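Everything on this sheet refers to the single structure shown next.
The values are calculated or read from the model by the stated rules, or taken from the named source; none is laboratory data. The structure presented is a predicted model; accordingly, all values stated were derived computationally and were not measured. Quick reminder, even Gly has a Cβ in these numbers, built from the backbone with ideal geometry, and neighbours come from all protein chains shown.
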Amino acid sequence: MNAPFNPGKIGFREPFVAHVCDDQTAETIRAVASDMGWAEEKVSKGGLRNAVQSLSVQASPQILLIDLSESGDPLNDINALAEVCEPGTVVIATGQVNDVRLYRDLIASGIQDYLLKPLNPAMLREALTHAQAIFNAPRAIEAPSGRPHCATVFIGARGGVGASTLATSVAWLISERGPRNTAILDLDVHFGTGALALDLEPGRGLTDAIENPSRIDGLFIERAMVKASETLSVLSAEAPINAPVLTDGAAFHLLQEEMRLAFECTVVDLPRAMLVQHPQLVAGVQAAVIVTELTLAAARDTIRILSWLKSNAPATEAIIVANHVPPAAQLEISRKDFEGSIERKIDHFVPLDQKLAAQAAKLGKTLAEVGKASKTTAPLAEIAARILAIGETESGAPRGKGKAGGASLFAKMGALTAMMPKRGDKAKQA
C-alpha cells in the first residue's frame, strides 16, 4: 500500500497483470487472458520478485496474478507485495505447494485465491471471473436506517486541554450507546493520540492518503481504518517528526467525503492550527465542540475560535465544553467571568479526575468506558446525546439548545448516563 504516487496513472489501472515463473504457466494464462479480452503481453516472467519491483514504480492493476513457485517464504513475500500494492487490487496466487495450512494463511493475508500448478484453464477462468466480479462490486456502506450523516469536529482552544481525550470518549459513546457506525479521524499527523487512546497501532492509512490523494475511495477507507470495535474505527498516524506534512488539504477533504458514505457518524479531532490552514475542513460539519479550560488564555482563544466559526461556518453549531475543571477554590478565573468574556454560556463541564484518566491510559480504553461512578462520565454522555440530536436534521441546522431539549433526547437514547456503571465494572475487574 506504499507505492509512490504516479500522476500519469490517475484514474487508470490495467485490468489484468500476471507475473509467473515458467513458460507453461505463462502460456496457459495468456490463452485465458486473451479469451477474456485482456492483453497477452501483460503476462510476464519473473514471479513475485518481479511483481514487487514493477508495482513499486507503476500503478497496481485491478487483478494481479502472482506465481509463488520460487518463493522460499510465501507469507513474508506476500507482506512485501502488500507494501507496494494499491488498495483495491484483487490478488490471486499460484504455486506448487499443496498444503491446506499455506492456503489458509494466504487467504488470511488478503489473497483472494490460491491455484495449484499446473493450472487448469477452466479453474483459472472461473477464478478470474470471480475476481472481476469482486473488483466491480459496490463498496460504499450505506447507513442502514437512512439517517443523515452526523459530522462533528473537536477543537482544543489551547494545547493540553484534553480535546483528543474527549473526542475518543464521545465517539466511543456514540458507537456503543447510539448505536451508530462511527469513525474517528485524527488529523494531528505527527502527534495524534486517537489510536493510542484505544490501544491500537495507527497504521499507515492517513500518511498514505496525504501522499497519494488519488487513491482515496471507498475501498481505501475500508482497508485503512483500524477497527476498535464492530461499530468504531479510527484513522490516525504517527508520522516521523522530521517529515513535514506538505498538503493543500485535499486529502483530508476527500477522507471526510468518503467517510460520509461509509459511516453514520464522523468525529474529527482537528488541531486548531488547521482552522487557519484548511478552513474547508469545517464545511458541512454540523457541530464543533470547542474544548477549553477556565483560564485567561483559554478564554481569549475560545473567543477567537467562536468568531472564526461565526464567519467561516455559520451553519455549524458550536458547543463549549470546559474540561479538567478543578474545585472552585483552584480556578484561575471563575465560571461567571469566563462566560462574561466569551459572551455565552458554557454548555458542559467535565470535572478533573486524574485517577480515572490514569486508569484509562493504563487500560488503553476511553474515559467513558472505564468510568463507573465518576462525575466525569455524565457530561460526556450528555455531549454524545447532543451531537446525535444535532445530526438528526438533514440540514444540520442547530436544534434547541436548552436543557429540556437535551434531557428529552437523553430519555430517547435510553439514559446513557444510567448505563455507564455496567461498562465500568470491566475496569474494576481489570
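Listed values, structure above:
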read-out: From Gly218, Gly205, Gly160, residue being under 16 Å from Ala237 (Cβ atoms), of a type in the set (Gly, Ala, Ser) and surrounded by fewer than 23 Cβ atoms within 10 Å (Cβ to Cβ); value: Gly205
read-out: Tally of residues being assigned to a helix (DSSP H, G or I) and either touching a strand residue (DSSP E or B) at 6+ places or on another chain (Cβ under 9 Å) or closer than 14 Å to Ala368 by Cα (or both) across segment 340-353; value: 1
read-out: One residue from Ala358, Ala329, Ala315, Ala297 being of a type outside the set (S, T, N, Q), in the same structural domain as Gly162 (by TED's automatic domain parsing), under 24 Å from Pro279 (Cβ atoms) and out of contact with any Ser or Thr (no Cβ under 9 Å at 6 or more places or on another chain); value: Ala297
read-out: Filtered residue count, segment 21-52, keeping only those that are small (Gly, Ala, Ser) and within 16 Å of Gln96 (Cα to Cα); value: 3
read-out: Selection count where residues are surrounded by fewer than 19 Cβ atoms within 10 Å (Cβ to Cβ) and within 15 Å of Ser169 (Cα to Cα), scope segment 182-195; value: 1
read-out: Residue that is surrounded by the fewest Cβ atoms within 10 Å (Cβ to Cβ) [pool: residues in segment 38-55 that are touching a Phe, Trp or Tyr at 6+ places or on another chain (Cβ under 9 Å) and not charged (D, E, K, R)]; value: Ala39
read-out: Residue that is nearest to Ala127 (Cα to Cα), among those in segment 92-101 that are in contact (Cβ under 8 Å) with a residue 12 or more places away in the chain and surrounded by fewer than 23 Cβ atoms within 10 Å (Cβ to Cβ); value: Ile92
read-out: Only listed residue being basic (Lys, Arg), at pLDDT below 90 and surrounded by 13 or more Cβ atoms within 10 Å (Cβ to Cβ), chosen from Lys355, Lys375; value: Lys375
read-out: Residue check for Ile290: over 30 Å from Val350 (Cα atoms) and either crowded, with 21+ Cβ neighbours inside 10 Å or of a type in the set (A, V, I, L, M) (or both); value: no
read-out: Number of the condition not met by Ala360 [criteria: (1) outside any strand (DSSP E or B); (2) in contact with a strand residue (DSSP E or B) (Cβ under 8 Å, 6 or more places away or on another chain)]; value: (2)
read-out: Selection within segment 169-183 - closer than 12 Å to Thr152 by Cα and assigned to a helix (DSSP H, G or I); value: Val170, Ala171, Ile174
read-out: Single residue of segment 307-318 satisfying the filter (part of a loop (DSSP other than H, G, I, E, B) and of a type in the set (Gly, Ala, Ser)) that is surrounded by the most Cβ atoms within 10 Å (Cβ to Cβ); value: Ala313
read-out: Condition met for Gln58 (surrounded by 14 or more Cβ atoms within 10 Å (Cβ to Cβ), under 25 Å from Ile210 (Cα atoms) and modelled with pLDDT of 85 or more); value: no
read-out: Residues located in segment 10-32, provided they are of a type in the set (D, E, K, R), in contact (Cβ under 8 Å) with a residue 40 or more places away in the chain and either outside the structural domain of Asp73 (by TED's automatic domain parsing) or closer than 18 Å to Glu70 by Cα (or both); value: Asp22
read-out: Helices (runs of 4 or more DSSP H) wholly inside segment 206-306 containing at least 1 residues that are of a type outside the set (A, V, I, L, M) and in contact with a helix residue (DSSP H, G or I) (Cβ under 7 Å, 6 or more places away or on another chain); value: 218-224, 250-262
read-out: Filter result for Ala197 (outside any loop (DSSP other than H, G, I, E, B), among the hydrophobic types (A, V, I, L, M, F, W, C) and either at positive phi or modelled with pLDDT under 90 (or both)); value: no
read-out: Test result for Glu238, surrounded by fewer than 21 Cβ atoms within 10 Å (Cβ to Cβ) and in contact with a Lys or Arg (Cβ under 7 Å, 6 or more places away or on another chain); value: no
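Results for (1) touching an Asp or Glu at 6+ places or on another chain (Cβ under 9 Å); (2) hydroxyl-bearing (Ser, Thr, Tyr); (3) closer than 25 Å to Ala361 by Cβ, shown as yes or no for each residue.
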residue: Asp217; (1), (2), (3): yes, no, no
residue: Ala237; (1), (2), (3): yes, no, yes
residue: Ile241; (1), (2), (3): no, no, yes
residue: Ala299; (1), (2), (3): yes, no, no
